[in-house]
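Single-structure report; data block below.
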Amino acid sequence: MLGLIKKDLIIIMNNLKSLLVILIFYVIMIYMGKMDIFFLPAFLSMVIMLSTFNYDNYNKWDFYALTLPNGRKNIVKSKYVTSILVTVIFTVISLLISLCFLNKINILNTIRTTLYTILGIALFQAILYPVTFKLGIEKARIYIFVVVFMLVFLIGVVFKFVDFSFLNKLGFLKDYIDYLITLLVLGFFLISYKISDIIYSKRDL
């Protein structure tokens, strides 16, 4: 599995060149304080991870990987592990850039934002990966777009029409809300991995 992770990391390193302009733009905007785009590097990590699926499909990589010991299982596991590594790395880079260029920064709020950024990307990946393993990246593109659009729409509807004042009555949960959300997302991510593993083990290539 380590070889599969290394392969994806090499692909990602090669793709970083094409994202250099975006990263430079990100640094400039942070330096000028013109916009809050803290999430951008983490979002790019998700886009880059999806590009590894495209690379594998284009080069018929899966047919070779299946000849390796536990090929199907390790293919799925390596994607999920690599996703965690890349998301954390990109988010930490974003955090370091923010610390370097922002004069006034609340460390606790920044760490909290970092945590929720990672959890948000993990949630998107947990939804998208089973679809991608089921249909392949080419057929899954339209579904990925629909899923992202629906999630954004639903989040917008929830925040617009749901009154969250009832949370004030749950004061005993305030100190644990970050932990609870983290556990829920990690649990969903693990379930997503199990689903992808089952789907890919039965998929005809």
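A single entry from LEU135, LEU119 fulfils the requirement of being without any contact (Cβ under 8 Å) to a residue 60 or more places away in the chain and among the aliphatic types (A, V, I, L, M): LEU135.
Residues that are in a helix (DSSP H, G or I), at pLDDT below 80, of a type in the set (Ser, Thr, Tyr) and surrounded by 11 or more Cβ atoms within 10 Å (Cβ to Cβ): does segment 122-140 have at least one? No.
Test ILE28 against the criterion of being at pLDDT below 70 and either touching an Asp or Glu at 6+ places or on another chain (Cβ under 6 Å) or not in a helix (DSSP H, G or I) (or both), and give yes or no. Steps first, please.
On the way: at pLDDT below 70: yes; either touching an Asp or Glu at 6+ places or on another chain (Cβ under 6 Å) or not in a helix (DSSP H, G or I) (or both): no.
No, not satisfied.
Scanning segment 40-50 for residues that are crowded, with 17+ Cβ neighbours inside 10 Å and either modelled with pLDDT of 75 or more or not aliphatic (A, V, I, L, M) (or both) returns PRO41, PHE43, SER45, MET46, ILE48, MET49, LEU50.
The values are calculated or read from the model by the stated rules, or taken from the named source; none is laboratory data. The shown structure was predicted, so the numbers you read here are calculated from the model rather than taken from an experiment. FYI the Cβ positions are ideal-geometry reconstructions off the backbone, even for glycines, and counts take in every protein chain you see.
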